[in-house]
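Okay, so here's the structure we're looking at.
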Amino acid sequence: MSPPDGHPYDALAPEVVLGALESVGFPTDGRLLALNSFENRVYQCGLEDGSFVVAKFYRPGRWTDAAIDEEHAFTVELAEADLPVVPPLARHGATLFRHAGFRFALFPRRGGRPPELEGGDTLEWLGRTIARLHAVGERRRFLQRARIDVDTLVRISARHVLASPLLPPSTRSRYAQAVGALADRLDVAWDAAAPLMIRLHGDCHPGNLLWTDAGPLLLDLDDARSGPALQDLWMLFGDGPAQRDALLAGYAQFRDLDPAELSLAGPLRLMRQVHFAGWIAQRWDDPAFPRAFPFAAESRWWDEHVSDLFEALDADAL
């Protein structure tokens, strides 16, 4: 199963990337390295003075300009509060630029190493950092960014799957039944927890973290959204209670977490699972997706996905 020919990113040739930097006053030396990213296109670019910047070209049609500006403003607000994030570079008061039909932003290159999340001290430090981020996040609300909730991650994602040729016809009715029942059960769990919706990192998994001599560095706020505080914590819990407890102990030093939110760990995990399938279905016309996720073109993967959803319902994993 092949995606349609052509995609907007096909026009993002190396000379377009380098020309974009030149257009906002960053003379380049021709060095260009594509970095790992699916939703956007991200490049490390060398400058004439020997330094590097990171250029992010936003996926056409995903976010409005106002939503991107809100992400940038949140990142700057966090940086001004001494949070370890990487704010966008500004030119003439702007951080979102345009070139050759693309919107892009530039960031200073920052180094680090993958975090070792087995140690209690590391996890407590990370918990303190996320709590400080949330303390800033709850000062005001997002007006333009999306939300972490059942409708957004489950029902909308399911619509993308049901509209996609990737879902085998033989699996369609079982998928609709499973995801419908799951959404209803998730509504109950969500209402019971009644989480406070605050501004979040939104996608705080180990791949979006680096560790430096100064501690953690939180990367890529492209998925910054409104949601429950636990969204930025549960992906770092690990497989046992020790990692979770250390992370929460650090968090508690700077911010109280409503104990009711801990009940959302299972629901948020299932919501992400449904959203992942919907994300692949929605983006299948991007040639990068069939290359990266070839399993999604196989009936077996969808059968297993639906079976996993039914197992979660049977096991009352909510």
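The values are calculated or read from the model by the stated rules, or taken from the named source; none is laboratory data. Small disclaimer: the values here were computed from a predicted structure and weren't measured. With ideal geometry, Cβ positions are generated from the backbone for all residues, glycine too; neighbour counts draw on all protein chains shown.
A few comments on the model shown:
- The set of residues from the range 140-166 being outside any helix (DSSP H, G or I) and either in contact with a helix residue (DSSP H, G or I) (Cβ under 8 Å, 6 or more places away or on another chain) or buried (at least 18 other Cβ atoms within 10 Å of the Cβ) (or both) comprises PHE142, LEU143, GLN144, ARG145, ALA146, ILE148, ASP149, ALA163, SER164, LEU166.
- Just so you know, in the range 216-235 the residues that are more than 18 Å from PRO195 (Cβ to Cβ) and either at pLDDT below 95 or under 14 Å from the mean Cα position of the chain (by Cα) (or both) include one that is surrounded by the most Cβ atoms within 10 Å (Cβ to Cβ), and it is LEU221.
- Selected residue [out of contact with any Ser or Thr (no Cβ under 6 Å at 6 or more places or on another chain), modelled with pLDDT of 95 or more, surrounded by fewer than 20 Cβ atoms within 10 Å (Cβ to Cβ) and of a type in the set (A, V, I, L, M, F, W, C)] from ALA131, ALA79: ALA79
- Pair list, Cβ < 9 Å and 6+ apart or interchain, from the range 155-172 residues that are at negative phi to residues that are part of a helix (DSSP H, G or I) and polar (S, T, N, Q): SER157/GLN282; HIS160/GLN282; VAL161/GLN282; ALA163/GLN282; SER164/GLN282; PRO168/SER299; SER170/SER299; THR171/SER299
- Helices (runs of 4 or more DSSP H) enclosed by the range 239-318 - at least 3 residues per element that are out of contact with any strand residue (DSSP E or B) (no Cβ under 6 Å at 6 or more places or on another chain) and without any contact (Cβ under 8 Å) to a residue 60 or more places away in the chain: 241-252, 265-283, 299-314
- Residues of the range 98-122 that turn out to be acidic (Asp, Glu) and closer than 16 Å to LEU221 by Cβ, as a count: 0
- Scanning the range 88-108 for residues that are surrounded by 13 or more Cβ atoms within 10 Å (Cβ to Cβ) and part of a loop (DSSP other than H, G, I, E, B) yields PRO88, LEU89, ALA90, THR95, LEU96, ALA100.
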